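These notes are about the structure you will find just below.
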Amino acid sequence: MIIAKDKSVQEALDAKVQAASNRLDSALAHMTGTQARVAADFRAVWDQFKETREKKIIPAIRKGDIEEAKRIADGIQYVRLSKMWSIMSCK
């Protein structure tokens, strides 16, 4: 979404992001046993990631403030994404 200039392309990409998020939320909700414990650790970071995406990055993109969206994506979101990868690959 950050590099898309056309609003209709941004909206289409946003729809894909929302659909993927919903699928991941559903998968996390259905995990049991050891997977559920890992999912809980993952979800704590995932929820922060989603909130920042929805409340900061996407609004910045819609306002045309691409530099702000990139700053957030390359900063805290990168850290969170790395942590989520670590949680899912190490347990």
State the Cα centre-to-centre distance between the range 58-84 and the range 27-56 in whole Å. 19
Report the full-extension gain for the segment Ile66 to Glu51: residue separation times 0.36 nm, less the Cα-Cα distance, to one decimal in nm. 3.6 nm
Charge dipole (debye, nearest 20) of the chain; +1 at Cβ of Lys and Arg, -1 at Cβ of Asp and Glu: 120
Relative contact order (percent) for the chain, with alpha-carbon contacts under 8 angstrom and 6 or more residues of separation? 32
Which length gain, in nm to one decimal place, applies between Ser8 and Ile76 when the Cα-Cα distance is subtracted from 0.36 nm times their residue separation? 21.8 nm
Applied in sequence order to the range 29-39, the curve 6.51 cos²θ - 1.76 cosθ + 1.60 (Karplus, θ = phi - 60°) yields integer Hz couplings, x standing for Gly and Pro, of 5, 8, 7, 10, x, 4, 4, 5, 5, 5, 4
Long-range Cα-Cα pairs in the chain (distance over 20 Å), rounded percent: 40
For the chain, what does the helix formula give at 222 nm: sum of -39500 (n - 2.57) over DSSP H segments with n ≥ 4, over the residue count, nearest 500 deg cm²/dmol? -24500 deg cm²/dmol
Distance in nm between Ala19 and Ala36 label points, each 7 Å along Cα→Cβ, equals 3.1
By a straight-distance test (C-alpha under 26 Å), which lysines pair with Lys70 as possible cross-link partners, with residues fewer than eight away in the same chain excluded? Lys5, Lys7, Lys16, Lys50, Lys55, Lys56, Lys83
Rounded, prolate or oblate for the range 39-85? Axes are the square roots of the Cα gyration tensor eigenvalues, ordered a ≥ b ≥ c, and the cut-off for rounded is a/c under 1.5. oblate
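Since every read-out is calculated from the coordinates, none of them should be taken as a lab result. Keep in mind that what you see is a predicted model, and the values were worked out from it rather than measured. For neighbour counting, all protein chains shown are included, and Cβ atoms are generated from backbone atoms with ideal geometry for every residue, glycine included.
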